[in-house]
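Colleague: Sharing a structure below in C-alpha cells format, with a few things to ask.
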Amino acid sequence: MTAPTLELDGMSVPVEIGGTARRATLTVERDGSLRLRAAPDVEQTELREFLISKREWIYRKLAEKEALLQEPATKELVDGEGFLYLGRSYRLRIADTSGDVRLHRGRLELPRSSLHAGDRAIINWYARCGTAWLQSHVRQWSTRLRVNVKRLEVTDLGHKWGSATNPGRIRIHWATMQLRPLLVDYVLAHELAHLREPHHGPSFWQLLARVMPDYDERKVDLAKEGIGLWFGHTTERY
Ligand SMILES: [Zn+2]
C-alpha cells in the first residue's frame with residue numbers, strides 16, 4: 001500500500017503508515033504543516049473522517065502557532081489607517097473636532113484632541129459601540145438560552161474572547177467587535193450558554209447546538225479570522 005496524501009481545505013496532509021500505537025495520530029508540525037500517522041490496516045475513508053473530526057483542533061493549533069510567530073497587529077493613528085468593525089473595514093480620519101470617536105460618513109473619525117490618548121480613544125469607542133450592539137443581541141440569545149444576564153461588560157480580556165460568571169455576568173473582549181456579526185454572536189451565545197453549563201462538556205455543546213445549529217462552523221471561522229485582529233497596539237509616526 002502506498003501512503004496516500006489527504007487533503008483538508010486545500011492543505012495537503014501526507015500520511016505515513018506505522019509509527020503510531022493508535023489507529024491514527026495527527027501532528028501539526030513546527031512550521032504549520034500537518035502529518036498523519038496511521039496503523040497499517042486503517043482504511044482511507046476512516047482516515048478522512050478522522051481528519052475531518054480534527055478540523056477545529058487543527059485550526060486552533062495553527063492559530064496558536066501563527067499567533068506565536070506573528071508580531072501583534074499594530075495600527076498607525078494616521079489618516080487612512082483601516083479599522084474593522086463588525087467585519088467591515090473603515091478608514092481612519094483625524095478630524096479637527098473635539099468630542100468622541102465616531103463612525104461618520106463611512107469613516108472612523110478620531111478627533112485631533114484625542115490623539116494624545118492613542119489607542120485608548122479607539123478602544124473606548126469599540127467598547128461603547130460594542131456594548132450598544134451586544135445589548136440587543138444579549139436580549140435575543142438570553143431568551144433563546146433561557147438565561148438571565150444581569151451585567152454585560154465590553155473590556156480587555158487578554159487572549160480570551162469572552163467570559164461568563166454566575167450570577168449573570170458576561171464580559172466580551174472589545175476586540176471581538178472587529179469580527180463579522182455571525183462570529184460575535186457565536187462568542188456571545190457561547191458565553192451565555194456557560195451561565196447554564198460552566199464546562200465544555202457534551203451538554204454544553206448540545207445546548208449551544210439547539211440555539212445555534214451551525215455553531216461548529218462559526219467556531220472554526222473564529223479560530224481562522226481571529227488571528228489577524230488588532231488588540232490595541234499602535235505605533236506613532238513623527
Ligand atoms: Zn467556553
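All of the numbers you see were taken from the coordinates with simple rules; none came from a lab. Just so it is clear, the model here is predicted, and its values are computed rather than measured. Counting neighbours? That spans all protein chains shown, and the Cβs are built from the backbone with ideal geometry, glycine included.
Colleague: Please state the shape class of the stretch 86-129: rounded when a/c is under 1.5, otherwise prolate if a/b exceeds b/c and oblate if not, all from the C-alpha gyration tensor.
Modeller: Details: a/c = 1.90, a/b = 1.26, b/c = 1.51.
Taking the square roots of the gyration eigenvalues as a ≥ b ≥ c, the stretch 86-129 is oblate.
Colleague: Using C-alpha positions alone, give me the convex hull volume of the stretch 120-235 per residue in cubic angstrom.
Modeller: In the stretch 120-235, the Cα hull volume divided by residue count equals 96 Å³.
Colleague: Got the relative contact order for the stretch 5-69 handy, in percent, Cα pairs under 8 Å and 6 or more residues apart?
Modeller: Reported as a whole number, the value is 28 percent.
Colleague: What chymotrypsin sites (Phe, Trp or Tyr not before Pro) in the stretch 125-185 are in a loop by DSSP, with at most 10 other Cβ atoms within 10 Å of the Cβ? If you can, show how the numbers build up before the last one.
Modeller: Working: sites: Trp125, Tyr126, Trp133, Trp141, Trp161, Trp174; in loops: Trp161.
Filter output for the stretch 125-185: empty list.
Colleague: Scan the chain and hand back the longest stretch that contains none of the GluC sites (Glu not before Pro) lying in DSSP loops with at most 14 other Cβ atoms within 10 Å. All intermediate terms of the calculation are to be shown ahead of the outcome.
Modeller: Working: sites that count: Glu29, Glu43, Glu236.
Formally, the longest exposed-site-free interval is 44-235.
Colleague: In addition: Arg139 to Thr234: FRET efficiency via 1/(1 + (r/R0)^6), r the Cβ-Cβ distance, R0 22 Å, to the nearest 0.05? Please report the intermediate quantities before stating the final value.
Modeller: On the way: r = 34 Å, r/R0 = 1.54.
Once rounded, the FRET efficiency stands at 0.05.
Colleague: Mind putting together the pair-distance distribution for the chain? All Cα pairs, 10 Å bins, whole percent per bin, short to long.
Modeller: Taking all Cα pairs of the chain, the binned fractions are 7, 26, 26, 22, 13, 5, 1, 0 percent.
Colleague: Taking the Cα centre of the stretch 120-235 as the origin and placing charges on Cβ (Lys, Arg +1; Asp, Glu -1), which of Leu152, His194, Phe231 is farthest toward the positive end of the dipole?
Modeller: Leu152
Colleague: Can you give the relative contact order of the chain as a percent, counting alpha carbon pairs under 8 Å and 6+ residues apart?
Modeller: Details: 357 pairs, mean separation 41.5, N = 238.
Over the chain, the number comes to 17 percent.
Colleague: Starting from the Cα-Cα distance between Ala63 and Ser12, subtract it from 0.36 nm times their residue separation and give me the gain in nm to one decimal. Show your work: numbers first, answer last.
Modeller: Working: separation 51, 0.36 × 51 = 18.36 nm, distance 1.75 nm.
Going from the current span to full extension adds 16.6 nm.
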